[in-house]
Amino acid sequence: MLGGSIAGLLAAQALAHRGDEVIVIERDRLPVGPESRPGVPQAAHVHGLVSRGQQEIERLLPGFAAELVQAGAPVVDFAADVAICNPFGWSVRFPSRLKAYGASRSLLESLIRRRVLAHPSVELRSQQFAEGLTGVAGLVTGVRVRGTGGARLSPIMADLVIDATGRGSRAGHWLRELGYPALPEVVIDIQLGYASRCMRIPAGHRADWQACYIQPGAPHRPRGAMLMPIEDDRWLVTLIGIGADRPSRRKNDFLAFARSLASPIVADAIANATPTSPVYLSRSTSSRRRYIEHATAQPANFVLVGDAVCCFNPIYAQGMSTAAAAATLLGEYRETYSSRRDFAACFHRGLAKVNNWAWLLATTSDLKWPGARGPRPTSLQRSVDRYTDLVLSSATRDHKTQQALLDVLHLLRSPTSLMA
């Protein structure tokens, strides 16, 4: 397993549960508790674990939701407790079955890491990284490894190699080194930027919401924000901007940016809150999909999961949930199809079906922005876009429409279901 972040850990759990011995190779020195680390710079920003992801992680790690609550993560009803200002107004609010757990990325990962690394069939080798694959005709036989200090280590032989190294995956380069064709790839970039910081929730704060989301809207509303309660009585506040409207790292700009939004709800909330962190910036937000399922040739035993195969503009809160679904799928395919010589190709075709919903949702929204870098929208994307605007407008008046929209956002239904 190349990569010890959430995608790699969950995939390791799925395989170990079915009897595989798993070695996890991770460049960072992994902390014991919920601490930040260099390999996850995005940890400082709001992370949403939508319902599909919650369900998949609970299948892999029973009792995980209870552990989150025990660690101090607030439970939020996504329809009742989140004040959502979409481009057409305020979405209606009502009790629902869709829950969110207010947790930092560092807490989520630390709880998953503790559970997975406790499995006797999972071995962690930290401060190491793969520099390439070894292979013979049609098969990958292992990985070439270096220590973070530069020392070349003994190759690790394996009958299955999983790339969970994230956005920076070098899978395409490694495969070309073994003589395989380039992987088909699509990148969509709207030049979105984040600025985030943690704040202590003010004593005596009262509101009829627990979380807020001011949604950007193309083409005339390029700014937004998310405010989420997390462990230790804190808010995690993420400001969002596109193109020339991306927020800065300057702490004195933070409240002013919040004041510039379509609603003052976030600015009013944080005006008297005490910051507990610096302002963290991120501009690595493009959506990238490697269509390995379309490759004309690929090794039988090298697979990609998580952001290594499909990463999304983080604003849509899809990454962790699609990674969890991929881990579940990998375990199922390993149990059923492991003897097939086209195992990887078979798995990648199944994984494409998992990623299709999230990709359609994210790219349909992104390609609306003027200056978006990427292919022209397909006819399906244009159709979904038209219906999505109708749904967003209706969601400000009708709870059934809002419920249908939330089901799509939580990856429980296809975006095309909004057209029914």
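The values are calculated or read from the model by the stated rules, or taken from the named source; none is laboratory data. Being a predicted model, the structure only gives us computed values, none of them experimental. Cβ placement follows ideal geometry from the backbone for every residue including glycine, while neighbour counts extend to all protein chains displayed.
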- [ ] Scan segment 302-326 residue by residue and report those that are outside any loop (DSSP other than H, G, I, E, B), surrounded by fewer than 24 Cβ atoms within 10 Å (Cβ to Cβ) and either outside the structural domain of PRO41 (by the TED database) or at positive phi (or both).
- [x] none
- [ ] Would you confirm whether any residue within segment 106-123 is among the basic types (Lys, Arg), out of contact with any Gly (no Cβ under 8 Å at 6 or more places or on another chain), in a helix (DSSP H, G or I) and closer than 22 Å to MET320 by Cα?
- [x] yes
TODO: Please state which of the following conditions THR134 fails to meet, knowing it meets all the rest: (1) in the same structural domain as PRO314 (by the TED database); (2) within 28 Å of MET320 (Cβ to Cβ); (3) at pLDDT 95 or above; (4) not small (Gly, Ala, Ser).
DONE: (2)
TODO: Would you list the helices (runs of 4 or more DSSP H) that sit entirely within segment 1-90 and hold 3 or more residues that are of a type in the set (Gly, Ala, Ser)?
DONE: 6-17
Task: Set ARG376, ARG413: member being closer than 19 Å to TYR316 by Cβ, not in a helix (DSSP H, G or I) and not assigned by the TED database to the domain that holds ASN313 - done: ARG413
Task: segment 34-87, residues that are over 18 Å from the mean Cα position of the chain (by Cα) and polar (S, T, N, Q) - done: GLN70, ASN86
Open item on the list: Cβ-Cβ distance below 6 Å, separation of 6 or more or different chains: which pairs start in segment 154-181 with a residue that is under 17 Å from GLY4 (Cβ atoms) and end on one that is in a loop (DSSP other than H, G, I, E, B) and of a type in the set (S, T, N, Q)?
Closed with: LEU160/ASN301; ASP163/SER169
TODO: Mind listing just one residue for me: the one in segment 251-278 that is at pLDDT 95 or above and among the charged types (D, E, K, R) and, of those, surrounded by the most Cβ atoms within 10 Å (Cβ to Cβ)?
DONE: ASP253
- [ ] Could you check ALA362 against (1) closer than 25 Å to SER169 by Cβ; (2) touching a strand residue (DSSP E or B) at 6+ places or on another chain (Cβ under 6 Å); (3) at pLDDT 95 or above and say which number it fails?
- [x] (3)
Open item on the list: Just to be sure I understand, how many residues within segment 262-311 are farther than 20 Å from PHE347 by Cα, under 25 Å from the mean Cα position of the chain (by Cα) and not polar (S, T, N, Q)?
Closed with: 6
Open item on the list: Suppose we keep only residues that are more than 21 Å from the chain's Cα centre (by Cα) and among the small types (Gly, Ala, Ser) within segment 144-171. Which one would you say is surrounded by the most Cβ atoms within 10 Å (Cβ to Cβ)?
Closed with: ALA158
Task: SER104 being touching a residue at least 12 places away in the same chain (Cβ under 8 Å) and surrounded by 21 or more Cβ atoms within 10 Å (Cβ to Cβ) - done: yes
Open item on the list: Please go through segment 327-347 and give me each residue that is touching a residue at least 12 places away in the same chain (Cβ under 8 Å) and either in contact with a Phe, Trp or Tyr (Cβ under 9 Å, 6 or more places away or on another chain) or of a type in the set (Lys, Arg) (or both), ordered by number.
Closed with: LEU329, LEU330, TYR333, ARG334, ARG340, ARG341, PHE343, ALA344, CYS346, PHE347
Task: Condition broken by ARG113, with the remaining ones in (1) in the same structural domain as THR296 (by the TED database); (2) surrounded by fewer than 17 Cβ atoms within 10 Å (Cβ to Cβ); (3) modelled with pLDDT of 95 or more; (4) on the phi < 0 side of the Ramachandran plot satisfied - done: (2)
TODO: Identify all residues within segment 217-234 that are touching an Asp or Glu at 6+ places or on another chain (Cβ under 9 Å), under 21 Å from SER248 (Cβ atoms) and either of a type in the set (Gly, Ala, Ser) or assigned to a loop (DSSP other than H, G, I, E, B) (or both); write none if there are none.
DONE: PRO222
TODO: Return yes or no: is ALA43 over 19 Å from TYR316 (Cα atoms) and assigned by the TED database to the domain that holds CYS311?
DONE: no
